[in-house]
Amino acid sequence: MSQPFKGKLKLEPDLEAFHRALIGSTMGTEHDGVTVARDFRALFLREDALGKRALFMLLTWCGEYDAPPEDNDALQRWAGKREIAGLIKAALYADLSGPE
């Protein structure tokens, strides 16, 4: 069985094993909004710059810093990507002061 997170890097990744490992990493854990917000903050708002650089790249890929395109098809794709950026930011900015 392939282990996508350990061992030597291969030129051709085993994407099935990678996806199984990602899905398996969430088994047995609760993923409500508070948990997701805490996970995102721990990952992206770290003291060092690594999390912030990764967050910047994700938001860049989501079109966060791009002007809306004029072409209707491109605009729809851009809006879909921006929706994902909005979900990421909502997790980061969620109010965690309420009851759990």
message: I want to confirm something. Restricting to the range 39-48 and keeping residues that are in a loop (DSSP other than H, G, I, E, B) and charged (D, E, K, R), which single residue is nearest to the chain's Cα centre (by Cα)?
response: 46
Any chance residue 91 is within 21 Å of residue 35 (Cα to Cα) and among the aliphatic types (A, V, I, L, M): yes
query: Is it true that residue 51 is out of contact with any strand residue (DSSP E or B) (no Cβ under 6 Å at 6 or more places or on another chain), surrounded by 12 or more Cβ atoms within 10 Å (Cβ to Cβ) and not in a helix (DSSP H, G or I)?
result: no
- prompt: What number of residues within the range 63-100 satisfy the criterion of being out of contact with any Lys or Arg (no Cβ under 8 Å at 6 or more places or on another chain) and assigned to a loop (DSSP other than H, G, I, E, B)?
  reply: 13
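All of the numbers you see were taken from the coordinates with simple rules; none came from a lab. Remember, predicted model here, so these are calculated numbers, not experimental data. Note that each Cβ is placed from the backbone with ideal geometry, even for glycine, and that neighbours are counted across all protein chains shown.
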